[in-house]
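Heads up, the thing below is written out as structure tokens.
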């Protein structure tokens, strides 16, 4: 590529052969052509690397980087290390970009001279095509992390970054199986001086298979464990209310959802959950969880207060009693079968009446058609593309 691209789209991919062609097509069909796509194959055992190599051999804007399986955090870090673009977006391998994503996001960054731009996203089901806007924000500029609505904007895929900003601040992805992007975003939001909001729906997020199935050790050590890192980042930056919001909404949600499985896995994991939780809440002020402190931006969560108070007081017996109580309450709670015929039918009817669902389906079908035409020639791709290599690039 002779010119420096305006945008690098980095795609961390592990066994993503089913979805990667659509993700790459969404990069190559951009109305602003000065982009590159860097695919980081994280030790896939399917055709992920072969597909990426096929694209790289036919379009110099695509590059393939290969590494032994090391997880999403290392793959995203490798994508940043190989990025040549002025700006950077992290695209999940099973998602795709709107045709004007690069043009609209870069226009906002150029106009406002900011290091970060938040965009809007569409979350959709590929089973029913029911779609919704993901925490939609109106256009704005001169924003800081003081703005409460951005205390929920914790996913890196809805943001574009100036690449130099990430490198100058030595931003790192903590090697976690869950929550590493949340910790990364909290760190970025605590350090950026100003950021802007683009109104554009630039990102399409498939929800059906995200986070499906998880071992108890992953849930305890990573889903719950990442709150230790989030707490450290936010406390060091003096961001108390964003921390309390994250604990009240996300930590408590995880406890309610996961405790039945954790308890069923044995006493070791209940005790380990208590250990990590005590570390998360060590030194926190119980007044931070009161309605008086949280107003006007936040509301207190009365159900959460007993567990929070026990953790702050380091009363292990009370903590264990609270955790076990939640395991019993949730174990008896009815669960919605999202794969039932009735549930799917309701969602499909809802999608049929939703213009956003029709737009998501149309975009996906266009990209699938482009991918089908390009992949018809993949049988001619060099066999060497399928052989394991150390980290490196092609294209």
**Item:** Set 37, 23: member being in the same structural domain as residue 182 (by TED's automatic domain parsing) and in a helix (DSSP H, G or I)
**Value:** 23
**Asked** When you look at residue 202, is it modelled with pLDDT of 95 or more, in a helix (DSSP H, G or I) and surrounded by 21 or more Cβ atoms within 10 Å (Cβ to Cβ), yes or no?
**Response** no
**Prompt:** residue 60: out of contact with any helix residue (DSSP H, G or I) (no Cβ under 7 Å at 6 or more places or on another chain) and either surrounded by 22 or more Cβ atoms within 10 Å (Cβ to Cβ) or modelled with pLDDT of 95 or more (or both), yes or no?
**Reply:** yes
**Prompt:** Filtering the stretch 16-37 down to residues that are touching a helix residue (DSSP H, G or I) at 6+ places or on another chain (Cβ under 6 Å) and without any contact (Cβ under 8 Å) to a residue 60 or more places away in the chain, which residue is nearest to residue 100 (Cα to Cα)?
**Reply:** 37
**Request:** Would you check which residues across the stretch 294-321 are free of Cβ contacts under 8 Å to residues at least 40 places away in the same chain, assigned to a helix (DSSP H, G or I) and over 30 Å from the mean Cα position of the chain (by Cα) and list them?
**Result:** 306, 309, 310, 317, 318, 321
**Asked** Across the stretch 40-70, which residue is farthest from residue 203 (Cα to Cα) among those that are over 22 Å from the mean Cα position of the chain (by Cα) and in a loop (DSSP other than H, G, I, E, B)?
**Response** 45
**Message:** Tell me the residue from 294, 278 that is assigned by TED's automatic domain parsing to the domain that holds residue 221 and under 16 Å from residue 252 (Cα atoms), please.
**Reply:** 278
**Request:** Test each condition in (1) touching a helix residue (DSSP H, G or I) at 6+ places or on another chain (Cβ under 7 Å); (2) under 29 Å from residue 351 (Cβ atoms); (3) crowded, with 23+ Cβ neighbours inside 10 Å for residue 102 and report the one that comes out false.
**Result:** (1)
**Request:** Would you check which residues across the stretch 105-142 are surrounded by fewer than 16 Cβ atoms within 10 Å (Cβ to Cβ) and either in a helix (DSSP H, G or I) or not assigned by TED's automatic domain parsing to the domain that holds residue 35 (or both) and list them?
**Result:** 107, 110, 111
**Prompt:** Does residue 145 satisfy being on the phi > 0 side of the Ramachandran plot, surrounded by fewer than 21 Cβ atoms within 10 Å (Cβ to Cβ) and in a loop (DSSP other than H, G, I, E, B)?
**Reply:** no
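The values are calculated or read from the model by the stated rules, or taken from the named source; none is laboratory data. Every value quoted in this text rests on a predicted model; they were computed, and no experiment measured them. Cβ atoms come from the backbone with ideal geometry, glycine included; neighbour counts cover every protein chain shown.
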